[in-house]
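*Asks:* Got a structure for you, written out below as structure tokens; questions coming shortly.
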Amino acid sequence: MGHASDHYFVPEPSKFPIFGSIALLLMGSGAVMWLNGVSPGNWMVLAGFLVLVYMLFGWFGQVVRESEGGSYGRKVDKSFRWSMGWFIFSEVMFFAAFFGALFYVRSIGLPWLGDADNALLWPGFEPTWPNAGPIVEEAFTPMEAWGIPALNTLILLTSGATLTWAHWGLLKEKRGQLINGLALTILLGVIFLGFQAYEYAHAYGAMNLKLTTGIYGSTFFMLTGFHGLHVTIGAIMLTVMLFRSVAGHFTPHRHFAFEAAAWYWHFVDVVWLFLFVVVYWL
Amino acid sequence: MAAVTPDQLHGHHHGPTGLMRWITTTNHKDIGTMYLVFALIMFFAGGVMALTIRAELFQPGLQVVQPEFFNQLTTMHGLVMVFGAIMPAFVGFANWQIPLMIGASDMAFARMNNWSFWLLPPAALLLVGSFLVPGGATAAGWTLYAPLSVQMGMGMDMAIFAVHIMGASSIMGAINIVVTILNMRAPGMTMMKMPLFVWTWLITAYLLIAVMPVLAGAVTMILTDRHFGTAFFNAAGGGDPVLFQHVFWFFGHPEVYIMILPAFGIVSQIIPTFARKPLFGYASMVYATASIAILSFVVWAHHMFTTGMPAATQLFFMYATMLIAVPTGVKVFNWVATMWKGSMTFETPMLFAVGFIFVFTMGGFTGLICAIAPIDIQVQDTYYVVAHFHYVLVAGSLFALFAGTYYWLPKWTGHMPSEKIGKWHFWCSIVFFNLAFFPMHFLGLAGMPRRIPDYGLQFADFNAIATIGAFGFGFSQLLFVLAIVKCARGGERAAARSWEAAEGLEWTVPSPAPHHTFEEAPLVR
């Protein structure tokens, strides 16, 4: 493929970006209407989402075809590697905002609220953690680390191992190991999400711990919720890789899509370890 | 090297024509042009808001607008100028110039580049359209401080989603720029041979990737506080409105360098050209830019000296902030040293660049004054701060954008811009700019608060002067449009090297630059 490695691949004009923009406009304005009780906001969000799904299928489909067709040279591959790394860095910073909020509240915000200056305003307020603020309406049970969360830690760590096993299969041209490893990883991801859904239901029911349970509920559900969303996205990526593996894509030398999904999965894994320590355990 | 085909020599492009060409384009020059035109439109939209604000402030009392609408105007003026005008304009420059300056055939991800741009019009629709919904646009100030932003009407939700979409656009754009610079340089173009504009954009893009997600997190917390009952910024639930300020300014301070570092880059290209000397202290410029970027992460709380924090914390943020004067001083020194004993001429780009150095440095000095905690507590939220950040954002970022536009217009259009119009534009801009904003220092020191539609009689004279200056400045910008339109339509033919002593790969391709350039990578010395 002399041509591909000499010339950097510049794609033809594409219709997909504008579909993405229309999708986000529909979803954004629809969400504003929905949140403020203006109809048909919910339908606009749905329509936008469908357009987004169409765009993602079309766009990624084209990228897969270009990749399998040999349009991408070594330099394009390097661009993909750089960009995935930087994308994951941006995701790290998104989580950093919420982790930062948690650290601030625990080490600065709450002690401030409980100090002598605020004793007149909130008499008898104890700035301990977990805390739902001075105006506690109902009692709640905080989350325990050594139950489902510990099990989930084990599950995610195992999924990292099975994914690496799948990667070895790809490198050693053992297609069966690749497919089994990927399927096992996805299964573990789904089990993780199932446990988390059960945990949420249990929190809302028996523990009376909700998103509205003051700052503890806010940080707990926003951090674990965004993590769960990322597990979902990672599992979707891996599912695409599974289908592509079954279809015979990837060679031991050229399979960056697989590696990108794996990087993402490991990133989600590491975020979970932080969550387990600072949200569930400490 | 393969033979150059006629297609490559002439501005040939295939694919859709008309409107569909612009909607589907994957060409960095087309996309750069769209960014620049979009930014210009938003600049005038934000400018109309600014002039309405100044019209109201011409005299004490309420004459032109209601206070509620005044608050919406100050908020939207800030958001539109920052996210709609300044940032997209710099990305437009990056799109046009970076591939030309490093000898790349296009941006690394040409389709994603298109999406980065085409996310902006939907975001702008949401943002500006919020004036029309019940309750009007958000009036929480461009910083969207809680608890005000938690209480606003649906215009606030529109602003939140607009920020989300613009953030996605910025992150994709920044990733594209970083990857292009790291991976697409022509053979021989080592990092330390890159033009300084490319260096400043590499560091800016890094800042964007690091902090735009933090802003997304901040506005997401506002959204859930507003609609889903979380308590991030609600003290009754154990949260803290000051938390919002911390998260916001962790984004916000790197953000101000996002808006000035590419300006430093543009000026560093222009000064050597018209001083006919290489840039003085190239390596120190690179290190200074990197230092500013690193320091920008540890100074955010200087925006919040009055929110109440321990003295040790105030001191840390005060000294860290003052430290930024060192690399910035290095830059100013290097620009002046570049001009020292140079064969200088003062075409329009150089006028704006020299004007930039002078007026931006004044804004830098007032920044240093604001960094001193005890003084800042006096001038917090006064017109002194308004004067300070308009000196660095208008006379800094915007003047550099003007300078860069005049400098590269020959490359973009194939014609030299009119020196006559350009010089009128410069002198009107710099005189009226100072007329508008210099009196604000006095107003601020005398205690006039910002974001208030009415004021005491003792502030009347300086406010009247500022309003006259603002209208003069606003209308002077029509000269800018005139200069661009005239240059696009005709004028003196520009040579490939449009300015006598201009250095760099972009001046080795014809003017106007063909649709596709550097399909065969050039070899750099």
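*Asks:* Do you know which residues across segment B:350-371 are open to solvent by 50 Å² or more (accessible area, probe 1.4 Å) and more than 19 Å from the chain's Cα centre (by Cα)?
*Replies:* B:Phe365, B:Leu368, B:Ile369
*Asks:* Tell me, yes or no, whether segment B:227-248 has at least one residue that is within 12 Å of another protein chain (Cβ to nearest Cβ), under 21 Å from A:Lys75 (Cβ atoms) and in a helix (DSSP H, G or I).
*Replies:* We begin by selecting, within segment B:227-248, every residue within 12 Å of another protein chain (Cβ to nearest Cβ); these are B:227-248.
Then keep just the ones that are under 21 Å from A:Lys75 (Cβ atoms); that gives none.
Within segment B:227-248, not a single residue is within 12 Å of another protein chain (Cβ to nearest Cβ), under 21 Å from A:Lys75 (Cβ atoms) and in a helix (DSSP H, G or I).
*Asks:* Related question: Show the residue pairs that are 6+ apart or on different chains and have beta-carbon atoms under 6 Å apart, the first residue being within segment B:466-482 and in a helix (DSSP H, G or I), the second being among the β-branched types (Val, Ile, Thr) and open to solvent by less than 40 Å² (accessible area, probe 1.4 Å).
*Replies:* So the pair list comes out as B:Leu479/B:Ile421; B:Leu482/B:Ile421.
*Asks:* Picking from A:Gly28, A:Gly73, A:Gly48, which residue would you name as being within 12 Å of another protein chain (Cβ to nearest Cβ), within 28 Å of B:Trp22 (Cα to Cα) and out of contact with any Phe, Trp or Tyr (no Cβ under 9 Å at 6 or more places or on another chain)? Don't jump to the end; show me each part of the working.
*Replies:* Values: A:Gly28 fails: out of contact with any Phe, Trp or Tyr (no Cβ under 9 Å at 6 or more places or on another chain); A:Gly73 fails: out of contact with any Phe, Trp or Tyr (no Cβ under 9 Å at 6 or more places or on another chain).
A:Gly48 is the lone residue from the list that is within 12 Å of another protein chain (Cβ to nearest Cβ), within 28 Å of B:Trp22 (Cα to Cα) and out of contact with any Phe, Trp or Tyr (no Cβ under 9 Å at 6 or more places or on another chain).
*Asks:* A follow-up question, please. Looking only at residues that are in contact with a strand residue (DSSP E or B) (Cβ under 9 Å, 6 or more places away or on another chain) and of a type outside the set (Ser, Thr, Tyr) in segment B:362-409, which one is nearest to B:Arg54 (Cα to Cα)?
*Replies:* Top of the filtered list is B:Asp381.
*Asks:* Take the residues in segment B:481-525 that are touching a strand residue (DSSP E or B) at 6+ places or on another chain (Cβ under 7 Å) and surrounded by 18 or more Cβ atoms within 10 Å (Cβ to Cβ); name whichever of them is farthest from B:Ile271 (Cα to Cα). Give the derivation first.
*Replies:* So the first thing to find is which residues in segment B:481-525 are touching a strand residue (DSSP E or B) at 6+ places or on another chain (Cβ under 7 Å), and the list is B:487, B:490-494.
Among the residues that remain, those that are also surrounded by 18 or more Cβ atoms within 10 Å (Cβ to Cβ) are: B:487, B:494.
Values: B:Cys487: 22, B:Ala494: 20 Å.
Result: B:Cys487.
*Asks:* Could I ask something else about it? Report whether or not B:Val91 is away from every other protein chain (no Cβ under 12 Å) and either among the acidic types (Asp, Glu) or open to solvent by 10 Å² or more (accessible area, probe 1.4 Å) (or both). First the steps, then the outcome.
*Replies:* Values: away from every other protein chain (no Cβ under 12 Å): yes; either among the acidic types (Asp, Glu) or open to solvent by 10 Å² or more (accessible area, probe 1.4 Å) (or both): yes.
Against the criterion (away from every other protein chain (no Cβ under 12 Å) and either among the acidic types (Asp, Glu) or open to solvent by 10 Å² or more (accessible area, probe 1.4 Å) (or both)), B:Val91 qualifies.
*Asks:* With the requirement that a residue be open to solvent by less than 30 Å² (accessible area, probe 1.4 Å) and closer than 19 Å to A:Ala262 by Cβ, what does segment A:85-94 give you?
*Replies:* Scanning segment A:85-94 gives A:Ile88, A:Ser90, A:Glu91.
*Asks:* Also, quick follow-up: For segment A:29-74, what are the residues that are open to solvent by 70 Å² or more (accessible area, probe 1.4 Å) and part of a helix (DSSP H, G or I)?
*Replies:* A:Trp34, A:Trp43, A:Leu46, A:Phe49, A:Leu50, A:Tyr54, A:Leu56, A:Phe57, A:Phe60, A:Arg65, A:Glu68, A:Arg74
*Asks:* Moving on. Condition check: touching a Gly at 6+ places or on another chain (Cβ under 6 Å) and either away from chain A (no Cβ under 14 Å) or part of a helix (DSSP H, G or I) (or both). Does B:Ile266 satisfy that?
*Replies:* Here the answer is yes, as B:Ile266 does meet what is asked.
*Asks:* Considering only residues that are open to solvent by 10 Å² or more (accessible area, probe 1.4 Å) and small (Gly, Ala, Ser), which ones fall in segment B:212-233?
*Replies:* B:Ala216, B:Gly229
*Asks:* Within segment B:447-461, can you find the residues that are under 14 Å from B:Thr382 (Cα atoms) and either of a type in the set (Lys, Arg) or in a helix (DSSP H, G or I) (or both)?
*Replies:* Across segment B:447-461, the qualifying residues are B:Arg450, B:Arg451, B:Phe459.
*Asks:* Can you name the residue in segment B:14-60 that is of a type in the set (Gly, Ala, Ser) and modelled with pLDDT under 95 and, of all such residues, is farthest from the chain's Cα centre (by Cα)?
*Replies:* B:Gly15
*Asks:* Which ones in segment A:129-139 are modelled with pLDDT of 90 or more and either touching a Ser or Thr at 6+ places or on another chain (Cβ under 6 Å) or surrounded by fewer than 10 Cβ atoms within 10 Å (Cβ to Cβ) (or both)?
*Replies:* Once the filter is applied, which keeps residues that are modelled with pLDDT of 90 or more and either touching a Ser or Thr at 6+ places or on another chain (Cβ under 6 Å) or surrounded by fewer than 10 Cβ atoms within 10 Å (Cβ to Cβ) (or both), segment A:129-139 yields only A:Ala132.
Condition check ((1) surrounded by fewer than 18 Cβ atoms within 10 Å (Cβ to Cβ); (2) in contact (Cβ under 8 Å) with a residue 12 or more places away in the chain; (3) among the hydrophobic types (A, V, I, L, M, F, W, C)) across all residues:
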position: A:Val76; (1), (2), (3): no, yes, yes
position: A:Arg81; (1), (2), (3): yes, yes, no
position: A:Ala101; (1), (2), (3): no, yes, yes
position: A:Ser107; (1), (2), (3): yes, no, no
position: A:Gly114; (1), (2), (3): no, yes, no
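*Asks:* Now for a separate question. I need the full set of residues from segment A:223-250 which are open to solvent by less than 30 Å² (accessible area, probe 1.4 Å) and not in a helix (DSSP H, G or I), in order please.
*Replies:* A:Phe250
*Asks:* Still on this structure, I have one more. Within 21 Å of the chain's Cα centre (by Cα) and assigned by TED's automatic domain parsing to the domain that holds A:Pro252, is that true of A:Phe57?
*Replies:* no
*Asks:* In addition: Look through segment B:316-349, keep the residues that are of a type in the set (Gly, Ala, Ser) and open to solvent by less than 30 Å² (accessible area, probe 1.4 Å), and return whichever of them is nearest to the chain's Cα centre (by Cα). If you could, list the steps in order and put the result at the bottom.
*Replies:* Initially, segment B:316-349 is screened for residues of a type in the set (Gly, Ala, Ser), giving B:320, B:325, B:329, B:337, B:342-343.
Okay, now just the ones that are also open to solvent by less than 30 Å² (accessible area, probe 1.4 Å), so B:320, B:337, B:342.
On the way: B:Ala320: 23, B:Ala337: 26, B:Gly342: 29 Å.
Across segment B:316-349, the extreme among qualifying residues is B:Ala320.
*Asks:* Same structure again: Kindly establish whether A:Ala161 is within 24 Å of the chain's Cα centre (by Cα) and either closer than 30 Å to B:Met184 by Cα or without any contact (Cβ under 8 Å) to a residue 12 or more places away in the chain (or both).
*Replies:* Answer is yes for this residue.
*Asks:* Check A:Phe125 against each of (1) in a helix (DSSP H, G or I); (2) free of Cβ contacts under 8 Å to residues at least 24 places away in the same chain and name the one condition it does not meet.
*Replies:* Here A:Phe125 meets the rest and fails (1).
*Asks:* Of all residues in segment A:80-105, which are in contact with a Pro (Cβ under 9 Å, 6 or more places away or on another chain) and either more than 9 Å from chain B (Cβ to nearest Cβ) or under 13 Å from B:Ala218 (Cα atoms) (or both)?
*Replies:* Correct list: A:Met93, A:Phe94, A:Phe95, A:Ala96, A:Ala97.
*Asks:* Scan segment A:203-222 for residues that are assigned to a helix (DSSP H, G or I) and either without any contact (Cβ under 8 Å) to a residue 24 or more places away in the chain or not assigned by TED's automatic domain parsing to the domain that holds A:Thr153 (or both) and report the count.
*Replies:* Going through segment A:203-222 one residue at a time, the tally reaches 3.
The values are calculated or read from the model by the stated rules, or taken from the named source; none is laboratory data. What you see is a predicted model; the values in this text were computed from it and never measured. We place every Cβ from the backbone using ideal geometry, glycine too, and count neighbours over all the protein chains shown. Remember, those area values only see protein heavy atoms, side chains included, never the ligands or the DNA or RNA. Shrake-Rupley method; radii C 1.70, N 1.55, O 1.52, S 1.80 Å.
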